[in-house]
Amino acid sequence: MDKQNGEFLKRLLATFRLEAGEHLQAMSTGLIELENSPAKIRHAEIVETVFREAHSLKGAARAVNLKEIESVCQAMESVFAALKDNQLAASPPLFDLMQEAIADLTALLSAEGAAMAVAGKSAIATLIQRFDDLLRGRHANTVISHPTAIQATTPQPMPSLQQTPGTLVQDAKAEAPVADAMHTLSTTLSSASGTVRVSTQKLDAVMRQVEELLVPRLASVQRATDLRELAVSFATWKKQRVRMRPVLRQIERYVERGSGRNVGSGVAQEPPIKELPKLLEYLESEHLFMKTIEARLLSLSKFAAHDRRTLANMGDTLLHDVKEMQLLPFSSLLEIFPRFIRELAREQGKQVELVIRGGEIEIDRRTLEEMKDPIMHLLRNCVDHGIEQPVMRRSMGKPDCGNITVAIVQRDGGKIEILVADDGAGINAANVKASAQKLGLISAEKAKNLNEQEAQALVFQSGISTSQIITDISGRGLGLAIVREKVERLGGVIALEAPRNGGTSFVITLPLMLATFRGVLVRIDEHCFVIPAFNVERVTRVAWQDIRTVESRATISYDKQAVSLVSLSDILELSRQSSAASTSAQVTVVVLGTSRQRVAYQVDEVLGEQEVLVKALGPQLTRVRNIAGASVLGTGQVVAVLNVSDLLKSAVNRAAAPSPVIAETHGVEKGQSILVAEDSITSRALLKSILESAGYRVTTAVDGMDAYTTLKTGKFDLVVSDVEMPRMDGFDLTVKIRADKQLSKLPVILVTALESREHRERGIDAGANAYIVKSSFDQSNLLEIVQRLI
């Protein structure tokens with residue numbers, strides 16, 4: 001019984017720690033808001049909110065018998081009550097004391113067993129005494145040594161929570177506030193990493209999906225029963241056939257003798273007339289049996305296909321809902337940074353205001369945990385290197401208080417964009433060049449040719465720092481290198497923007513989900529690779545005569561800019577075993593890039609786009625250049641997932657002219673004209689590439705409205721359209737085409753991810769000539785249908 005009670009109390013204490021962490025974080029955030037809020041009208045509202053958090057924490061501490069924490073909360077309640085009744089004025093010493101109390105309580109929560117009891121009683125007594133002094137009008141930082149209720153039970157020197165038991169507390173300012181803030185952040189995130197708080201709405205959605213799995217489960221039982229009955233019927237038929245073998249053998253011998261093969265035996269063989277009725281009866285029953293088997297197999301095949309679609313839809317929905325449960329709001333990471341910035345700025349004598357936007361946006365929990373250190377590095381650099389001292393800012397016409405902004409925005413294509421910006425001094429390009437030259441990363445001649453943007457990008461190199469001194473906070477030149485490495489490890493990119501008028505902005509782009517993503521499957525000879533669609537800007541075909549050589553590098557025109565063209569096989573150091581490209585007048589190209597860098601990669605073929613589950617290569621291959629992981633295709637083939645960041649770096653030093661292939665002079669014959677309507681850039685380019693490679697002239701439209709306008713101004717032989725598009729979808733486009741007298745006979749092919757029976761019927765009712773589902777898409781099937789229709 002005692003053991004069970006002990007286990008229960010242990011679980012209860014773990015739950016309390018999580019709850020207490022949330023209360024303390026809310027109190028810290030409220031205090032910073034109260035300190036920075038210029039509007040006195042909101043002060044009462046904020047004080048009331050923080051007051052309630054302290055009260056709730058006191059009740060939770062009482063429930064688990066943590067009297068020390070309960071005592072501190074009660075003392076804090078007295079202070080908040082005085083603030084609420086205007087009996088105590090808000091002041092910097094008050095806020096400092098409150099933040100120190102929160103830091104001490106957070107550290108106390110991370111202590112275990114006896115350490116919590118000893119360190120807690122000694123440090124808590126000091127806090128309560130200081131709160132009492134504050135209420136009596138004494139200075140908040142003065143430590144009074146007269147005994148309290150807790151001190152009476154612990155008559156010993158009072159160690160700080162961050163000190164060893166033998167160290168005396170001389171002054172509260174001896175504690176390192178920045179270290180406390182970082183410790184609080186670490187404690188909060190480490191406790192959160194082991195648990196995920198999920199809304200009941202998400203849990204209900206997953207539960208409904210799991211309950212609905214009962215339907216296909218029962219259906220599978222019925223299919224198994226049907227298959228067993230078929231097996232029994234087949235066994236019965238086999239027995240009947242075995243019984244008919246003697247009859248068949250007699251007829252066979254009679255036919256052999258009648259054909260003269262046994263002439264001369266002198267014995268006349270009578271036909272087995274008595275056995276013929278049995279044979280005819282058997283043949284008739286066998287015919288009926290075959291028809292029955294055929295009908296039942298056809299029915300089973302239809303049911304199996306329906307079950308497969310049902311399970312696929314349920315599996316996709318369940319996977320999506322479970323992924324949703326892995327998402328956490330950015331606020332769970334960002335809410336601790338205001339205190340961190342406050343303490344760091346105060347330590348350096350600076351005034352800084354932190355503005356956070358988009359904290360409600362959710363992202364993969366694992367990404368959130370990995371981004372803790374990079375964002376902390378950037379914020380630390382903003383305060384240490386960016387924001388100037390108030391006197392200097394005043395002389396430059398800036399307000400005394402510097403501004404740091406952290407903004408999160410959700411972009412299309414499953415991307416999250418994080419902006420970390422300050423209005424400080426910015427990055428001095430000349431200092432960056434000097435630091436790079438000193439380290440031997442660039443020569444003096446190359447440094448002279450670098451523009452300001454290229455020079456500023458060097459700050460991501462390890463060892464480069466513009467700081468004149470090295471402190472415990474920064475100056476070693478490692479922070480930004482670590483930031484870029486971690487961001488790229490998550491499949492993201494980081495860009496630097498430093499405007500001339502001062503200030504610095506870091507823009508981080510990350511995938512919303514880590515485990516699965518959309519990937520573009522490409523082929524080089526017999527090798528297949530997956531490129532994350534996250535980084536694919538365009539898939540296209542380029543005529544050989546359109547490839548230009550600029551500064552000894554092959555380039556193509558992309559958005560009116562020259563983009564380097566390199567062979568993916570050369571980047572991956574693959575030996576070429578075929579020259580299939582020599583028979584084509586065009587080159588298949590995949591354009592990869594970030595906001596600042598684009599490179600076009602030549603491949604043999606783009607096979608399609610699909611959902612990809614990436615797996616690590618294992619501890620033996622923790623870092624392979626140009627390879628991010630591996631995935632298994634539906635065929636069972638294992639393919640490498642390419643690391644786009646590495647590919648871009650490799651291309652910088654290896655951009656060269658593509659393989660010397662002479663294009664045929666006759667080119668592709670001018671064929672029929674096809675209009676492709678597709679809102680997805682990748683899918684649109686893929687369809688265009690497939691059709692053009694077959695000799696068709698292709699025009700593209702971004703949605704149904706654009707497609708209908710294009711049809712009215714040109715002549716086309718066929719339309720290939722997606723269904724789900726903005727402004728006008730594929731169904732409405734088809735209806736509009738059929739209602740137009742000039743276009744009513746135009747063939748329409750719908751290519752879509754919607755594969756339900758209702759959507760197929762709707763497509764047919766709208767007047768589509770063909771309905772192709774993307775999940776089973778095959779380019780040969782598309783070309784066959786196109787050829788048949790036109």
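The values are calculated or read from the model by the stated rules, or taken from the named source; none is laboratory data. What you see is a predicted model; the values in this text were computed from it and never measured. Cβ coordinates were reconstructed from backbone atoms using ideal geometry, including for glycine residues, and neighbour counts include every protein chain displayed. Ligands, DNA and RNA are stripped out before the accessible areas are found, and what is left, the full protein with its side chains, is counted by its heavy atoms. Shrake-Rupley method; radii C 1.70, N 1.55, O 1.52, S 1.80 Å.
One table, with the values for the structure above:
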item	result
Residue identified as more than 21 Å from Q672 (Cβ to Cβ) and open to solvent by 80 Å² or more (accessible area, probe 1.4 Å) among K715, K741, K745	K741
Verdict on K438 being free of Cβ contacts under 8 Å to residues at least 24 places away in the same chain, basic (K, R) and either open to solvent by 60 Å² or more (accessible area, probe 1.4 Å) or assigned by the TED database to the domain that holds G492 (or both)	yes
Filtered residue count, segment 743-778, keeping only those that are more than 29 Å from the chain's Cα centre (by Cα) and in contact (Cβ under 8 Å) with a residue 12 or more places away in the chain	15
Set K58, K40: member being among the basic types (K, R), out of contact with any Leu (no Cβ under 8 Å at 6 or more places or on another chain), open to solvent by 10 Å² or more (accessible area, probe 1.4 Å) and modelled with pLDDT of 80 or more	K58
Any hit, segment 658-670, residues being touching a Gly at 6+ places or on another chain (Cβ under 6 Å), of a type in the set (A, V, I, L, M, F, W, C) and at pLDDT 80 or above	no
Complete set of residues in segment 669-689 that are more than 19 Å from T734 (Cβ to Cβ) and over 29 Å from the mean Cα position of the chain (by Cα)	E669, K670, G671, Q672
Inter-residue pairs, beta-carbon under 9 Å, first free of Cβ contacts under 8 Å to residues at least 24 places away in the same chain and in segment 628-640, second assigned to a strand (DSSP E or B) and of a type in the set (K, R), 6+ apart	G629/K615; A630/K615; V632/K615
Residue identified as in contact with a Lys or Arg (Cβ under 6 Å, 6 or more places away or on another chain) and part of a helix (DSSP H, G or I) among S744, S689, S780, S683	S689
Only listed residue being assigned to a helix (DSSP H, G or I), surrounded by 10 or more Cβ atoms within 10 Å (Cβ to Cβ), over 47 Å from the mean Cα position of the chain (by Cα) and modelled with pLDDT under 75, chosen from K274, K291	K274
Top-ranked residue of segment 441-461 - restricted to ones that are open to solvent by less than 60 Å² (accessible area, probe 1.4 Å) and outside any loop (DSSP other than H, G, I, E, B), ranked as farthest from G502 (Cα to Cα)	A447
Condition check for C401: within 17 Å of A425 (Cα to Cα) and surrounded by fewer than 18 Cβ atoms within 10 Å (Cβ to Cβ)	yes
Contacts under 7 angstrom Cβ, first residue in segment 693-707 being more than 17 Å from Q672 (Cβ to Cβ), partner in a strand (DSSP E or B) and among the aromatic types (F, W, Y), 6 or more apart	none
Answer residue from segment 530-561, given it is small (G, A, S) and assigned to a strand (DSSP E or B) and is modelled with the highest pLDDT among those	A543
Residue match in segment 518-529 (condition: at pLDDT below 70, open to solvent by 20 Å² or more (accessible area, probe 1.4 Å) and in a loop (DSSP other than H, G, I, E, B))	no
Failed criterion for A224 (all others in (1) touching a Ser or Thr at 6+ places or on another chain (Cβ under 8 Å); (2) closer than 21 Å to T310 by Cα; (3) of a type in the set (G, A, S) hold)	(1)
Residue count, segment 328-360 (criterion: free of Cβ contacts under 8 Å to residues at least 60 places away in the same chain and buried (at least 18 other Cβ atoms within 10 Å of the Cβ))	5
All positions within segment 692-709 that are open to solvent by less than 30 Å² (accessible area, probe 1.4 Å) and either in a helix (DSSP H, G or I) or closer than 18 Å to Q787 by Cα (or both)	G695, V698, G704, A707
Neighbours by Cβ (under 8 Å, 6+ apart or cross-chain): first from segment 67-78, over 13 Å from L108 (Cα atoms); second among the β-branched types (V, I, T)	S71/I124; S71/I128; S71/I150; A75/I128
Residues satisfying the stated conditions in segment 534-557, i.e. open to solvent by less than 20 Å² (accessible area, probe 1.4 Å) and closer than 21 Å to V493 by Cα	N535, V536, V539
Condition met for A75 (modelled with pLDDT under 80 and aliphatic (A, V, I, L, M))	no
Candidates T184, T195 - the one that is in a loop (DSSP other than H, G, I, E, B), of a type in the set (S, T, Y) and at pLDDT below 80	T195
Candidates E388, E335 - the one that is closer than 30 Å to R197 by Cα and of a type outside the set (A, V, I, L, M, F, W, C)	E335
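Rundown of residues vs (1) in contact with a strand residue (DSSP E or B) (Cβ under 8 Å, 6 or more places away or on another chain); (2) farther than 29 Å from T200 by Cα, yes/no style:
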{"site": "A304", "(1), (2)": "no, yes"}
{"site": "L311", "(1), (2)": "no, no"}
{"site": "D316", "(1), (2)": "no, no"}
{"site": "F337", "(1), (2)": "yes, no"}
{"site": "R342", "(1), (2)": "yes, yes"}
{"site": "A345", "(1), (2)": "yes, yes"}
{"site": "K350", "(1), (2)": "yes, yes"}
